[in-house]
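**Q** Sharing a structure, written as structure tokens. Questions coming.
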Amino acid sequence: MGKIKYTKGELKKQRDNLSLFSHYLPTLQLKKQQLQLKILEVRRAINEKKTAYETALKEIMKWAGILADQRFSVAPWLAPKKVFYAIDNIAGVDVWVFKDVTFEEKTYDYYSSPFWVDKAIDILQKQMRILIEIEILDKQIAVLAQELRVTTQRVNLFEKVKIPECAENIRRIKIYLGDQMSNAVGISKVAKRKTLQREEAQILV
């Protein structure tokens, strides 16, 4: 607890601080709750994408033997050409949101290429798309988790430190000022009584 002055000016300052912290605390608590809910939502989305990836992987395994054929490679059509994403604001935080991904167009000779090429490329591109979506969702989690840490620290600071500190300072200052006022009243009464006694003494003389 910092050093405070036992004055009416300090009392006003502490009351203003208490009002300010009490005003912003509900906003921070709401932001914390929104971030927690969004993180849970993103984690569910990641689990769904991973399930979809496992499904796509099982489908690819059916093609494992054919894809191992070194005479024709589908690799040129699996590297993402461009990833499209948007920026969304969640509880005051900007995060990436996946929109789409494009791959190189199929330019091989349909007559000389194996019959399974189109199907294989479609399946593998689908798998790549899922991996990219998961990667962007992981980035969302990282940004949201960092913001949640900062927001939680602020909530704890206001809730457990600043607000109780201001309330305690106000209590101490009010007690001190009350004591000072009582002392002043007591001194004033004593001074008044002595003045009256002197005046009475002068009258008797």
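**Q** If we keep just the residues of the range 20-63 that are touching a helix residue (DSSP H, G or I) at 6+ places or on another chain (Cβ under 9 Å) and polar (S, T, N, Q), which is farthest from Ile121 (Cα to Cα)?
**A** Out of the qualifying residues, it is Ser22.
**Q** Name the one entry in Lys8, Lys38 that is under 29 Å from Met181 (Cα atoms), in contact (Cβ under 8 Å) with a residue 60 or more places away in the chain and in contact with a Leu (Cβ under 8 Å, 6 or more places away or on another chain).
**A** Lys8
**Q** Which members of the range 16-30 meet the condition of being surrounded by 16 or more Cβ atoms within 10 Å (Cβ to Cβ) and within 14 Å of Glu165 (Cα to Cα)?
**A** Selection gives Asn17, Leu18, Phe21.
So that you can scan it fast, the table gives a plain yes or no per residue for (1) assigned to a helix (DSSP H, G or I); (2) touching a strand residue (DSSP E or B) at 6+ places or on another chain (Cβ under 7 Å); (3) at pLDDT below 70:
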site: Arg44; (1), (2), (3): yes, no, no
site: Glu48; (1), (2), (3): yes, no, no
site: Thr55; (1), (2), (3): yes, no, no
site: Ile66; (1), (2), (3): yes, no, yes
site: Ile87; (1), (2), (3): no, yes, no
site: Trp96; (1), (2), (3): no, yes, no
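The values are calculated or read from the model by the stated rules, or taken from the named source; none is laboratory data. Keep in mind that what you see is a predicted model, and the values were worked out from it rather than measured. All Cβ positions, even for glycine, are placed from backbone atoms using ideal geometry, and neighbour counts span all protein chains on display.
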